[in-house]
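Notes for the one structure printed next.
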Number of protein chains: 2
Amino acid sequence: MSIGYSEQRLDATAKVTGRSRFTSDLIMPGTRVARYLRSKIAHGRITNIDTSGAKALPGVEAVFTFEDIPKTPFATAGHAYSLDPKGRDVEDRLLLTDYVRYHGDEIAIVVATDHLIAEQALGLIKVKYDEYPPLLNHQQAMAEQAPILHQQTSNKVAEHQYQFGNPDEAMHHADTTVSGCFQTQMVQHCHLENQIAMAYMDDTDHIVITSSTQIPHICRRIIAQALSWEISRIRVVKPTVGGGFGNKQDVVLEPMVAFLTWKLGGIPVMIDLDREESMLSTRIRHPFNVDIKCGVNRDGTLKALTLDVVSNTGAYASHGHSIAKAAGSKLPPLYPKAAVRYKAMTHYSNLPAAGAMRGYGSPQIVFAVESIMEEAARNIGMDSVEFRLRNVAQQGDMNPLTDKHITSCGIRECLIKGRERIGWDKKKEDYRHSNNPSYNKRRGLGVACFSYGNGTYPAGVEIAGARMVLNQDGRITVQVGATEIGQGSDTAIAQMAAEHLGVPFSAVHVVSAQDTDVTPFDPGSFASRQTYVISKPVSEAARELREKILGYAAEMLNCPVSELTLRDGIVVAETPESQTLTLKELAMDAYYHKQRGHQLTADVSCKTTTNASSFGCTFVDVEVDIELCQTSILNIINVHDAGRIINPILAEGQVHGGIAMGLSGAMGEELLVNPDTGIIYNNNLLDYKIATMPDMPDIGSDFVETTEPTSAYGAKSIGEPPLLSVAPAIRNAILDATDVAINRLPMSPKALFNAFSEAHLIQEAN
Amino acid sequence: MSIGYSEQRLDATAKVTGRSRFTSDLIMPGTRVARYLRSKIAHGRITNIDTSGAKALPGVEAVFTFEDIPKTPFATAGHAYSLDPKGRDVEDRLLLTDYVRYHGDEIAIVVATDHLIAEQALGLIKVKYDEYPPLLNHQQAMAEQAPILHQQTSNKVAEHQYQFGNPDEAMHHADTTVSGCFQTQMVQHCHLENQIAMAYMDDTDHIVITSSTQIPHICRRIIAQALSWEISRIRVVKPTVGGGFGNKQDVVLEPMVAFLTWKLGGIPVMIDLDREESMLSTRIRHPFNVDIKCGVNRDGTLKALTLDVVSNTGAYASHGHSIAKAAGSKLPPLYPKAAVRYKAMTHYSNLPAAGAMRGYGSPQIVFAVESIMEEAARNIGMDSVEFRLRNVAQQGDMNPLTDKHITSCGIRECLIKGRERIGWDKKKEDYRHSNNPSYNKRRGLGVACFSYGNGTYPAGVEIAGARMVLNQDGRITVQVGATEIGQGSDTAIAQMAAEHLGVPFSAVHVVSAQDTDVTPFDPGSFASRQTYVISKPVSEAARELREKILGYAAEMLNCPVSELTLRDGIVVAETPESQTLTLKELAMDAYYHKQRGHQLTADVSCKTTTNASSFGCTFVDVEVDIELCQTSILNIINVHDAGRIINPILAEGQVHGGIAMGLSGAMGEELLVNPDTGIIYNNNLLDYKIATMPDMPDIGSDFVETTEPTSAYGAKSIGEPPLLSVAPAIRNAILDATDVAINRLPMSPKALFNAFSEAHLIQEAN
């Protein structure tokens, strides 16, 4: 009985003592260092590249340019492969390029005996460019005369739309309509551990890559594609990972290190990005422009919602239009009764490439939707929470996008609980009196809600596997493809295994490193999928191993299996003699009896063909200092319906992290770009205003536990959701406090200054 | 169809290009270096040890002595655990000792930041001893007043005897009897790669050990015992290994590196023995003293055989008496009709500890037995080959020791083939004429034969496992506990898997590194067991995976399974449409179809409760230079009944290696000891006379293929056997050439000089 308890993380001691070993701690003796030469311009074509000086430098082992690389284009996005060509990611990448598409593009790579020599060699490469004006936004990229950045007919990556009901008619008949335009900025994941990968060739001429990745099995496939190798000749190992947030759901360095070791006779080669490279040249969050309109009746009924989304994927598609598509699909389960049209387009530009980032497009869409909901509630003079309670989904509602019932839904209860926890009604009353327009500091409350998925089905295949072994000491080793990247998935999986096996949590060991040669297949850590999708193979493998254990106990005790149970790691026979057998006693016999027994294992792989919806909301209480244009978070709390909570303290940890990340993205973070040159100004942690501990308020977290029937343990996603509704809740609270709507992120002091000036709350400085 | 073909070794390219990565190539950054302080005397007790100088040296992180270590005694011998306490190895070891039992005993260990500092620190430790006279041989060790080296009542480790028939009566009634005393020397394995092990603690507070070992799973158990840890909290990884020959079937360094990392908070620590340490302080081959007698009739019938064996295990038991016991058990299947008494005793002494070495006691016994057979044949005037042909086993004979039939036996055919290949009859005739006593160079022919086992059953449990995975590209990954240590087992296993799956050999990848967290359980590489024992789980897993593949193909092709076959990696439907499906097509569907399929795997563990006998013989043609006391091998050939040959070129490789090792041990190798002090003189490759390439004759190898019914592919052991009969064949050839019997190994020029002097073939020098 481990589910529902706050078991200590399996890696707790190693993490707090700094003993965890990441990829950089596992570098082999003699590993060569590779470093990219990156373009100093945002858009142009290389007319000449002279590497002779670099090649002549002692300690330099090789320099490669576009001329030297395989010419098979590949996609870097970490999705499970699609049998349907239309379901595949855009293959627009090569290992190096001679056509520069953003500031930081990879144009050459140096391999040297150490980092310093590699750096020195980079300085010796002479590059000449034909430079072009950068295309940075929708208007520039989609202009008729715009140069086409990839081999397509325009800079449009893709577009799509869905609709149910008749939103135009519903909008027409609604008592009132409100509309707005919402914009989100470029932010970067800023995981603690930068991308790093090492590769060498093993005794069987396979390429082995150790990498800080969220997706070892997908990584393997993409490397194979990029090099035109057989997939099983590639082996990817994932050690402890220091965060990813979707950035390591792209295959960025691995094909290159694999290529380098291959070309250099199998010697180990590593690429260890520094922070500046990681921020510039891995992935960022897609900036969205959302034109949104909604129609409501005076009674608070949401009748219609239309969204027109433009997503800027930057220089390369990466996850491309999947982001805008996935984000749209998470909306209907929240407001399932409204008529909706969702229209989205993704285009290329000369910005850094955007990819997956926690929330996968939803933060952008939720910002627009929950802001427009606020506008609608204000328009009809209804309380924001009341308005949402009238319109959100209930269990049994039909998700109009999938035509399937919503199998569990606690969003109403979340809203009610959050309203109570933040003291909504009393504070609303208080602030009505205290928010005198002559006061500099004004207070306000905000709310926003969301729904989210559990994995990628039916857009993608959902497959997971688990293997379990009974050890000689009676403890259980569990192998899963599900990838621990710091979120605590191993601990949750150990709890699940213990539950169905009938052993204590402490008796379960989860093999944390994935190794594609031996790890059960699983696409990896993304889409808040793991706890949900892994529940099926883990529960089945646990049941299978339990049956084998009881079967062997029956052989040892010479009694029918039906009389045996396994509890707390002890087999108990409900016979008159009440025999017992510890798992260690049983295991020692199974391993070492000369005539009977064998190693007891269970090995299960299976697919999930459901996708539950998680729900939740943010309540926030802010004080805005008008003159300083500064927003203080007095109180912030998320309430989640994440189904049954496997491990409360780990779930709370996810909420804390999600709120912190959401708050930071809402209030300060933005990658800044020179609008004339496309040069990125602030790809470093000094100039990029990420929130740090002093910026953090106390963070509240609560749960409404439902039991999701399509999940073996009743659990639903909690990885990405906590981030989603933070920004709109704060935006709505600032609006509540100041009557000023901030419709572009981040809501930094600078943005508030501009908005407050425009609203004449403050005088513009001369 | 891969069985029986000389497929190229899977690691061939990596090995010949030097790209293979051994343990020392995998050392983690920041790994500390540990070095033993070894006793400079052979026998004594430490009265004082002062480590303060070493501890004060900058760069020294710790110094441990006997005071600091766990006091749980353990056995280092690499046997699968026995449920029967009487079947367990002698637990006479601690990590360090204050009672010095041999020259080189481990009395302290230093951990430092690098090798040089560690060396320097060793020089700063001051040790005072009470020194005792060393006990080096049977007489000294078993003398009534001898000090007892371990906590037992005497220095006897164990003794046993078996008997069948009435050898005394048979001896009495035999036409004639011959007897002799045969002695074998201390030799060392001298594998290319010295012992090395590294340990660290992982994120889950488990200890991970990377080690050059033959027995990763056993290693794990012994470390756990030595440290009193749970076995599943220990993880052992075996990378490429540069030979072991039984020496790495002892757990020598692993418990110590595990202890060090544990005590030092999980930091990585390595011990990398140098050649001098490896030769002195790992294991050696047990020197045997064999008093042997046989009774024969004039017609050539072997009537009786009695052996009285004394085995000197040195300072620690290690495999102890198991060696003498196992050696005795391999004799009855060769001469099953004779009445036999085999009596053996093993004692401690102050020599380096003896352990497992290729042949596991049999080389010593075969030397005695096949020498005495030669004496018997000479005594009755019968041709040596003829004499053996009269007495060796035939298929269907009863093994008197196990009361089981010999299920395959080609020894007669081996002898006949070898006789022909060496040109026995003609040369015998030629040499009779040419061997004039006045000639300095004389020629002779020798023969010797042997039988050997396939694994340890019924002395030990025989368990093995295999897991197979169908990859996306249609290739198969195979995981086995069977341990590749250079002998080529991975390649043989790939052939077996390909055979029963119905795929090409090139489509099979065997995961060569064992990792006890994920590798199917298997005791490891020893007792020539692997090809025999692994055949069962490999064939069963292959059949299971094949069935799953065909079942899935039936689903895809919508036809009955019965109409499908898998040949050369292609599923063929015997339907009117003759549909085909490549394994890649099938696998891609199984992995990526959104609704159906899963990863196809098979995971089999099982036990073997049979033990077949392999047979073989050596024929050798020598020329002895009497004056130079030098023996030249003109021709040497082994003929083996190793059942069905899985891979002829790999089998031949084993024969070449075995003959080379046998020849070297027969002709020159000996660890020399000062009889007064017990100091070892020549634990280095300059003074220890191991044969090198110029010493090697052309080596012949041939096979008599039988089909062993208890082996899934009909194969029997070939790992240790080629060594066994080399020394007695050469001894018999020298005897044939010179009429001088050399009954002690090695038959070095020095030994020949003494023997020829005694026989007055040469004049002793003044």
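The values are calculated or read from the model by the stated rules, or taken from the named source; none is laboratory data. Predicted model only: the values in this text are computed from it and were never measured. A quick note on method: Cβ atoms are made from the backbone with ideal geometry, for glycine too, and the neighbour counts reach across all protein chains shown. We work out accessible area using only protein heavy atoms, side chains counted, and drop any ligands, DNA or RNA first. Shrake-Rupley method; radii C 1.70, N 1.55, O 1.52, S 1.80 Å.
Residues that are more than 21 Å from A:P255 (Cα to Cα), in a strand (DSSP E or B) and open to solvent by 60 Å² or more (accessible area, probe 1.4 Å) do occur in the stretch A:46-61, at least one of them.
Scoring A:L280 on the criteria (1) under 19 Å from the mean Cα position of the chain (by Cα); (2) under 21 Å from A:V178 (Cα atoms) leaves a single failure, condition (2). Would you check if A:L94 is on the phi < 0 side of the Ramachandran plot, touching a helix residue (DSSP H, G or I) at 6+ places or on another chain (Cβ under 6 Å), open to solvent by 20 Å² or more (accessible area, probe 1.4 Å) and not assigned by TED's automatic domain parsing to the domain that holds A:N312? For A:L94, the condition - on the phi < 0 side of the Ramachandran plot, touching a helix residue (DSSP H, G or I) at 6+ places or on another chain (Cβ under 6 Å), open to solvent by 20 Å² or more (accessible area, probe 1.4 Å) and not assigned by TED's automatic domain parsing to the domain that holds A:N312 - is not met. In this structure, B:D676 does not qualify as more than 22 Å from the chain's Cα centre (by Cα) and within 23 Å of B:P728 (Cβ to Cβ). For the stretch A:171-201, a tally of residues being among the hydrophobic types (A, V, I, L, M, F, W, C), more than 14 Å from chain B (Cβ to nearest Cβ) and within 19 Å of A:P268 (Cβ to Cβ) returns 1. Being open to solvent by less than 10 Å² (accessible area, probe 1.4 Å), away from every other protein chain (no Cβ under 12 Å) and more than 22 Å from A:P709 (Cα to Cα) is not true of A:G453. Answer with yes or no whether B:E720 is modelled with pLDDT of 95 or more and open to solvent by 30 Å² or more (accessible area, probe 1.4 Å). No, not satisfied. A:L628 falls short of the stated requirement of being touching a residue at least 60 places away in the same chain (Cβ under 8 Å), within 11 Å of chain B (Cβ to nearest Cβ) and of a type in the set (A, V, I, L, M).
Note on the stretch A:1-36: among residues that are assigned to a helix (DSSP H, G or I) and small (G, A, S), the one that is farthest from A:D202 (Cα to Cα) is A:A12. Among the residues of the stretch B:231-287, those identified as of a type in the set (A, V, I, L, M, F, W, C), open to solvent by less than 10 Å² (accessible area, probe 1.4 Å) and away from chain A (no Cβ under 14 Å) are B:V251, B:L253, B:M256, B:V257, B:A258, B:F259, B:L260, B:I271, B:L273, B:M279, B:I284.
In the stretch A:465-484, the residue that is farthest from A:V510 (Cα to Cα) out of those that are of a type in the set (A, V, I, L, M) and more than 9 Å from every other protein chain (Cβ to nearest Cβ) is A:L470.
Mind checking which residues of the stretch A:26-66 are within 10 Å of chain B (Cβ to nearest Cβ) and either more than 33 Å from the chain's Cα centre (by Cα) or under 16 Å from A:H115 (Cα atoms) (or both)? Talk me through it step by step, then tell me what you get.
Initial filter on the stretch A:26-66 (within 10 Å of chain B (Cβ to nearest Cβ)): A:26-31.
The answer is A:I27, A:M28, A:P29, A:G30, A:T31.
Scanning the stretch B:388-427 for residues that are buried (at least 17 other Cβ atoms within 10 Å of the Cβ), of a type outside the set (A, V, I, L, M) and within 26 Å of B:S632 (Cβ to Cβ) returns B:R388, B:C414, B:K417, B:G418, B:R419, B:W424, B:K427. Does B:T65 count as of a type in the set (S, T, Y), more than 30 Å from A:Y592 (Cβ to Cβ) and modelled with pLDDT of 95 or more? It is true that B:T65 is of a type in the set (S, T, Y), more than 30 Å from A:Y592 (Cβ to Cβ) and modelled with pLDDT of 95 or more. Scanning the stretch B:547-570 for residues that are crowded, with 16+ Cβ neighbours inside 10 Å and of a type in the set (K, R) yields a total of 1. Taking the conditions (1) at pLDDT 95 or above; (2) of a type outside the set (A, V, I, L, M, F, W, C); (3) touching a strand residue (DSSP E or B) at 6+ places or on another chain (Cβ under 9 Å) in turn, A:G320 satisfies each one other than (1). In the stretch A:515-530, the residues that are more than 14 Å from every other protein chain (Cβ to nearest Cβ) and closer than 16 Å to A:P458 by Cα form Cβ pairs under 7 Å with partners that are in a helix (DSSP H, G or I) and not small (G, A, S), at six or more places apart or across chains, as follows: A:F526/A:Q249; A:S528/A:P721. Filtering the stretch B:746-766 to residues that are open to solvent by 10 Å² or more (accessible area, probe 1.4 Å) and in contact with a helix residue (DSSP H, G or I) (Cβ under 8 Å, 6 or more places away or on another chain) leaves B:S748, B:A759, B:L761, B:I762, B:Q763, B:E764.
For the stretch A:1-25, residues that are open to solvent by less than 50 Å² (accessible area, probe 1.4 Å), within 14 Å of chain B (Cβ to nearest Cβ) and among the hydroxyl-bearing types (S, T, Y) total 2. Taking the criterion of being open to solvent by less than 50 Å² (accessible area, probe 1.4 Å) and either among the hydrophobic types (A, V, I, L, M, F, W, C) or in contact with a Gly (Cβ under 6 Å, 6 or more places away or on another chain) (or both), the residues of the stretch B:103-124 that qualify are B:H103, B:I107, B:A108, B:I109, B:V110, B:V111, B:A112, B:I117, B:A118, B:A121, B:L122. For the stretch A:545-567, indicate whether the set of residues that are polar (S, T, N, Q) and within 14 Å of chain B (Cβ to nearest Cβ) is non-empty. Within the stretch A:545-567, not a single residue is polar (S, T, N, Q) and within 14 Å of chain B (Cβ to nearest Cβ). The set of residues in the stretch B:491-506 that are closer than 23 Å to A:V236 by Cβ and surrounded by fewer than 24 Cβ atoms within 10 Å (Cβ to Cβ) contains only B:S506.
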